[in-house]
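Worksheet: the structure to be examined is printed underneath.
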Amino acid sequence: MPLETCTPWIDGRSVGVRGRRIETVRAPFDGRPLARVAIATSGDLDAAIAAARTAFGELRRWPRHARRDLLDRVARALTAERRSLAALLSADCGKPISQALGEVDRAALTFSFAADEARRFGGEFIPMDLDPRGVGMTGLTQRFPIGPISAISPFNFPLNLLAHKLAPALAVGSAVVVKPPPQAPLAAFRLAGILAECGAPPGACNVLPMDISVAERLATDPAFALLSFTGSANVGWHLKRVAGKKKVLLELGGNAAAVVHEDVPDLDWVAERLAFGAFAYAGQVCIKVQRILVHRTIRRRFTRRFLEASADLKAGDPRDPKTVVGPMIDTAALERVQSWVAEAEAAGARVLLRGRRRGSVLRPTVLTDVTPRMKVEREEVFGPVTTLTPYRDFASALARVNNSAYGLQAGIFTADLRRAFQSFATLEVGGVIVNDFPMLRLDHYPYGGVKDSGFGREGVRYAMEEMSELRMLVLK
């Protein structure tokens, strides 16, 4: 059977392959070909920008109920295609099918949240007579879309992270040009098709696989009012530097820590939960559990149970419903993770659980006796590796968490509410999760990082605020 060919999606249609380089998308697990993709040219980007400008002019005039209804239809369509989309994700980015089903559910919920927000997102009445000069005046604020938006999304959540850019943009009345991840672009094409089928204007969502030389225009071209980027810190900060006056949202990497204090009531549950948070989807999640700090009085018990839980996780074919640890996205990523482990071991780290490689799958690795200088603790490992470090007092554990260039999320396990609020006040992160792992993300709450983990916030309403501007009206 011939492979499907995906070509740049511009102004509500596929533009064809003529004059465009063709690349083959392969499944990370077994390398089988999935589709052919035509790479967009600079001229294609010009056409997409023109289409987005036209769509923006239309969408900004749509009444709120029309935007709400569009977003509701998309949410229902995603739910209707739940199994086929999950199978696509499982093949395209190697995500275990149980987790892929969860991603589709989350994407539908993201569009549903956007529909809810479109109902109430607006402005407020400002009392003018607080200043004697304002007596007799009426003040109103209103939020307006700032303009066409460019978006770059990563391979690890190719559907829901794109939904977090598209849904809020449509909710405020804007249009988007998307660069999908080259490793896993297929979900973006299907989502663009769903939007068109649900009645989005042509040009509301344009999907262009692009080379870096063309894609940099998503940051530099003045036609875009905002760039929303999710990906690596190096690329994100480079785009911020070249973006000039453009507004930029960066959701970058992390090396998330979990602190397990001696007062946790159910240590077995915590160990099992953190094992999943460390190694699900082979650890290719920016808020995966990378560093575990455990109080020294419970270290032995926790370590034994954590190693057992980690070793018990099923690794292998992402199509198997029992698989938790799927393949690495490509050979280069797998070999980089292996080299970081070897480098740490050579510098004195001790391997408690050694993850063996089988084809594209790397089983969980657990290290101890690590230092903050080692890449496995200092950088974002983005793979199935986690470190275990004991601590004596809670304040020193929080200091160790903060001893990082990143600050995305952290998890704190304690039965003491005072320690929970101490963590909230002390930790230099975008989110503190108490009594669950830092990999938790609910799609309506404000999500983002500090330090090298980026700035700005996603979470539907918060992204809508970023994608709109406040305007003041004074009536005398």
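The table below lists the values:
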read-out	value
Spatially proximal lysines relative to Lys240 (Cα-Cα < 17 Å; intrachain offsets below 8 disregarded)	Lys179, Lys451
The chain: relative contact order in percent, alpha carbon pairs under 8 Å with at least 6 residues between	18
Estimated 222 nm signal from helices in the chain, with DSSP H stretches of n ≥ 4 weighted -39500 (n - 2.57), rounded to 500	-12000 deg cm²/dmol
Percent antiparallel among DSSP beta bridges (both partners in the chain, rounded to 5)	40
Label-point separation, Asp268 to Arg418 (7 Å along Cα→Cβ), nm	3.1
Hz values of 3J(HN,Hα) by residue in the stretch 76-87 - Karplus curve (6.51, -1.76, 1.60), Gly and Pro given as x	5, 5, 4, 5, 5, 9, 3, 6, 5, 5, 5, 4
FRET efficiency estimate (nearest 0.05) - Cβ-Cβ, Gln142 to Lys476, R0 22 angstrom	0.80
Net charge of neighbours whose Cβ lies under 13 Å from the Cβ of Glu81, counting Lys and Arg as +1 and Asp and Glu as -1	+2
Cut-off 13 Å between beta-carbons: net charge of the residues surrounding Thr303, Lys and Arg +1, Asp and Glu -1	+4
Sites Arg301 and Asp105, calculated FRET efficiency, Cβ-Cβ separation with R0 30 Å, nearest 0.05	0.30
Residue-count net charge about Ala258 - beta-carbon cut-off 12 Å; Lys, Arg +1, Asp, Glu -1	+3
Heavy-atom SASA rank of Phe121, Phe306, Phe455 (probe 1.4 Å, accessible area, largest first)	Phe455, Phe121, Phe306
Per-residue SASA entry for Arg64, accessible area with 1.4 Å probe, Å² rounded to 10	100
Thr297, Thr371, Thr386, ranked by accessible area, largest first (probe 1.4 Å)	Thr297, Thr371, Thr386
Mean accessible surface per residue for the chain, computed with a 1.4 Å probe while every protein chain stays in place, in Å²	41
Size of charge dipole - the chain - debye, nearest 20, with Cβ of Lys, Arg +1 and Asp, Glu -1, no other charges	240
Carbon + sulfur, % of accessible area of the chain - ligands and nucleic acids excluded, 1.4 Å	53
Alpha-carbon centroid distance for the pair the stretch 100-177 / the stretch 367-395, whole angstrom	37
Gain upon complete extension [Ala80, Glu308; 0.36 nm per residue less C-alpha separation]	78.3 nm
The stretch 303-390: GluC sites (Glu not before Pro) in DSSP coil with no more than 11 other Cβ atoms inside 10 Å	none
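The values are calculated or read from the model by the stated rules, or taken from the named source; none is laboratory data. Keep in mind that this is a model prediction, so the values were computed, not measured. Using ideal geometry, Cβ is built from the backbone for each residue, glycine included, and neighbour counts are taken over all protein chains shown. Note: accessible area is taken over every heavy atom of the protein model, side chains too, but ligands, DNA and RNA are not part of it. Shrake-Rupley method; radii C 1.70, N 1.55, O 1.52, S 1.80 Å.
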